[in-house]
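> This is the structure, below, for whatever I ask next.
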Amino acid sequence: MTTQVPQSTLDDTVGPVGLPRLYAVILVALSLITIVPAALAFVRRPPPERDEVPRRSWRFAGMLVIGALYVAIVPWLGYLPSIAMLIAGTAWYQGGAINRRVVVVSASGALILWLLFVAFLRIPQPPGAWTSIF
C-alpha cells in the first residue's frame, strides 16, 4: 500500500512516501524477528504426547468460551468492567490465582485499553446498561 501513495511536487526525502515505507520496512523486520524464532522452536520440538492433544483442544475451547462470554456481556455490563473481567478470567484460566495483583492488572489494563480506544483513538465502546441508572 505504501507504493500507492501519490508523489507530490513538494515531496522531500522522507515526506509522504518515505515515512510509510520506513514504517512498513520496520514492521516487516520486527515481524520476522518474532516469527522466525517461534517457527524454528515449533519445528524443533518433539511431537506431543497422545494425552496432550485433547488437553490442548479443551484449552482452546475454554478460551473460545471466555471470548464468547465477553462478547455476550459487553453490551450490558459495558467495556471497562467487561474487559477487566476478560483479563482476570484469562489469567485465572491460564493457571493464575485471582489475587490482588491480578485485580490490579485487570483494572489498570482495562483503564489503559479504554483510554487508548475511547479517549485517544475516539473509537466508542459500549457504556453498558448500568450507566443509565446514574
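> Of everything in the stretch 74-121, what is touching a Phe, Trp or Tyr at 6+ places or on another chain (Cβ under 7 Å) and not in a helix (DSSP H, G or I)? Give them in sequence order.
Across the stretch 74-121, the qualifying residues are Gly78, Ile98.
> Do we find that Arg44 is modelled with pLDDT of 85 or more, among the basic types (Lys, Arg) and over 17 Å from the mean Cα position of the chain (by Cα) in this structure?
Numbers: modelled with pLDDT of 85 or more: yes; among the basic types (Lys, Arg): yes; over 17 Å from the mean Cα position of the chain (by Cα): yes.
Criteria met by Arg44.
> Mind listing whichever residues of the stretch 1-28 are surrounded by 10 or more Cβ atoms within 10 Å (Cβ to Cβ) and either at pLDDT 85 or above or outside any helix (DSSP H, G or I) (or both)? Write out each step before concluding.
To start, the set of residues in the stretch 1-28 that are surrounded by 10 or more Cβ atoms within 10 Å (Cβ to Cβ) comprises 2, 5, 8, 11, 14-28.
Across the stretch 1-28, the qualifying residues are Val5, Ser8, Asp11, Val14, Val25, Ile26, Leu27, Val28.
> Among the residues of the stretch 93-108, how many are surrounded by 15 or more Cβ atoms within 10 Å (Cβ to Cβ) and within 20 Å of Ala68 (Cβ to Cβ)?
Number satisfying all stated conditions: 1.
The values are calculated or read from the model by the stated rules, or taken from the named source; none is laboratory data. Note that the structure is predicted; figures quoted are calculated from it, not measured. Using ideal geometry, Cβ is built from the backbone for each residue, glycine included, and neighbour counts are taken over all protein chains shown.
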